[in-house]
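The values are calculated or read from the model by the stated rules, or taken from the named source; none is laboratory data. All values derive from a computational prediction rather than experimental measurement. Here Cβ is always computed from backbone atoms with ideal geometry, including for glycine, and neighbour counts include all displayed protein chains.
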Amino acid sequence: MTEWSIDRAVTELLDRETARRDGGRITTEWPELDLATAYEVQDALVRRKVGAGENVVGVKLGLTSRAKQERMGIDSPLTAWLTDAMVLPAGEPVPLGELIHPRVEPEIVFVLGERLRGPGVTAATALAAVRSVHAGFEVIDSRYRDFSFALPDVVADNASSARFVVGAKGLAPSALDLGLEACLLGVDGKVVASATGAAVQGHPAEALALAANALGRRGVALEPGWIVLTGGLTDAVFVERGQEVTADFTSLGSLSVTGR
């Protein structure tokens, strides 16, 4: 058996994605995979995607709930990459035939108007760099069996990124109270969860600042026009064929996706 390496981990994860198959934790066979190395895998994975023709269009945050962070033994969110191949236009169905076991979660989404680079970014300076705020969905799809992974596994897997939806309605950050912006998540007309923006690191701008600072330490800036998914407001729900998932926000409007 070939020894594990960054390149082998990238190849394994991309093969799983292409073949629509899940598998066991990489850390089971490669216990030396730590968080720093996992981010190297993540970056190499996205470089491979860019080399195949995709373009980076933004970043996402994961594990923005403090309770989830405590369970995973970290004190800040994860970051991962978004590419144009992950864009799911509003109103388009979730392509179940292209995914393994997708789940959907509602998000508050930022579109940046100015470059943002850490360290030293605060919530206030982060929010000042935001051009518009939108409702959104992230469709996550782990390449691990039963969504079972250790922290380095999920980081290497680009934090389970698969697809994302950005609502057409955009508001200036000053036009709403992001901490109190509420969302009702529904499945086939039944409300299954609710939350406010405070569920995301206490305030979505805090999550954006943490992302900018974390990426800054890796020499990366958030660029104008980039999309930032600030993290799931609620737990993700599985989407099945013919099933409709909706998100109704206080000020940002409503979104829906259907499995097909």
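Surrounded by fewer than 24 Cβ atoms within 10 Å (Cβ to Cβ) and assigned to a strand (DSSP E or B): does that describe GLY186?
yes
Working only within region 45-56, note down all residues that are surrounded by fewer than 18 Cβ atoms within 10 Å (Cβ to Cβ) and not basic (Lys, Arg).
VAL50, GLY51, ALA52, GLY53, GLU54, ASN55, VAL56
Within region 106-119, identify whether any single residue is in a helix (DSSP H, G or I) and either of a type in the set (D, E, K, R) or closer than 26 Å to THR234 by Cβ (or both), and answer yes or no.
no
In region 221-242, what count of residues is obtained for those that are in a loop (DSSP other than H, G, I, E, B) and surrounded by fewer than 17 Cβ atoms within 10 Å (Cβ to Cβ)?
Qualifying residue count for the region: 7.
Applying the selection to region 60-77, what residues are under 16 Å from ASP235 (Cβ atoms), in contact with a helix residue (DSSP H, G or I) (Cβ under 8 Å, 6 or more places away or on another chain) and among the aliphatic types (A, V, I, L, M)?
Correct list: LEU61, LEU63, MET72.
Take region 47-67 and flag every residue that is at pLDDT 95 or above and over 14 Å from the mean Cα position of the chain (by Cα).
Once the filter is applied, which keeps residues that are at pLDDT 95 or above and over 14 Å from the mean Cα position of the chain (by Cα), region 47-67 yields ARG47, ARG48, LYS49, VAL50, GLY51, ALA52, GLY53, GLU54, ASN55.
For region 243-260, how many residues meet the condition of being more than 16 Å from ALA135 (Cβ to Cβ) and in a loop (DSSP other than H, G, I, E, B)?
Total meeting the criteria: 2.
Condition first: without any contact (Cβ under 8 Å) to a residue 40 or more places away in the chain and crowded, with 17+ Cβ neighbours inside 10 Å. Now tell me which residues in region 72-98 satisfy that.
The answer is THR83, and nothing else.
How many residues does region 48-71 hold that are in contact (Cβ under 8 Å) with a residue 24 or more places away in the chain, assigned to a helix (DSSP H, G or I) and closer than 30 Å to THR18 by Cβ?
Residues in region 48-71 being in contact (Cβ under 8 Å) with a residue 24 or more places away in the chain, assigned to a helix (DSSP H, G or I) and closer than 30 Å to THR18 by Cβ: 3 in total.
Give the residues of region 59-71 that are surrounded by fewer than 14 Cβ atoms within 10 Å (Cβ to Cβ) and aliphatic (A, V, I, L, M), sorted by residue number.
The one that is surrounded by fewer than 14 Cβ atoms within 10 Å (Cβ to Cβ) and aliphatic (A, V, I, L, M): ALA67.
Go through GLN243, GLN201 for me and flag whichever is in contact with a Gly (Cβ under 8 Å, 6 or more places away or on another chain) and farther than 23 Å from GLY120 by Cα.
Sole residue among the options that is in contact with a Gly (Cβ under 8 Å, 6 or more places away or on another chain) and farther than 23 Å from GLY120 by Cα: GLN243.
May I ask you to list pairs of residues, at least six apart or on different chains, whose Cβ atoms are under 6 Å apart, with the first in region 26-39 being β-branched (Val, Ile, Thr) and at pLDDT 95 or above and the second being surrounded by 18 or more Cβ atoms within 10 Å (Cβ to Cβ) and in a helix (DSSP H, G or I)?
ILE26/ALA9; ILE26/ASP153; THR27/PRO152; THR27/ASP153
Quick one: THR18 ticks every box in (1) without any contact (Cβ under 8 Å) to a residue 40 or more places away in the chain; (2) hydroxyl-bearing (Ser, Thr, Tyr); (3) farther than 30 Å from ARG241 by Cβ except a single one, so which number is it?
THR18 satisfies all of (1) without any contact (Cβ under 8 Å) to a residue 40 or more places away in the chain; (2) hydroxyl-bearing (Ser, Thr, Tyr); (3) farther than 30 Å from ARG241 by Cβ except (3).
Being in a strand (DSSP E or B), buried (at least 18 other Cβ atoms within 10 Å of the Cβ) and touching a strand residue (DSSP E or B) at 6+ places or on another chain (Cβ under 8 Å), is that true of even one residue in region 140-151?
Among the residues of region 140-151, at least one is in a strand (DSSP E or B), buried (at least 18 other Cβ atoms within 10 Å of the Cβ) and touching a strand residue (DSSP E or B) at 6+ places or on another chain (Cβ under 8 Å), which makes the answer yes.
Just give me the residues in region 101-126 being among the charged types (D, E, K, R) and more than 18 Å from the chain's Cα centre (by Cα), in sequence order.
Passing the criteria: GLU114, ARG115, ARG117.
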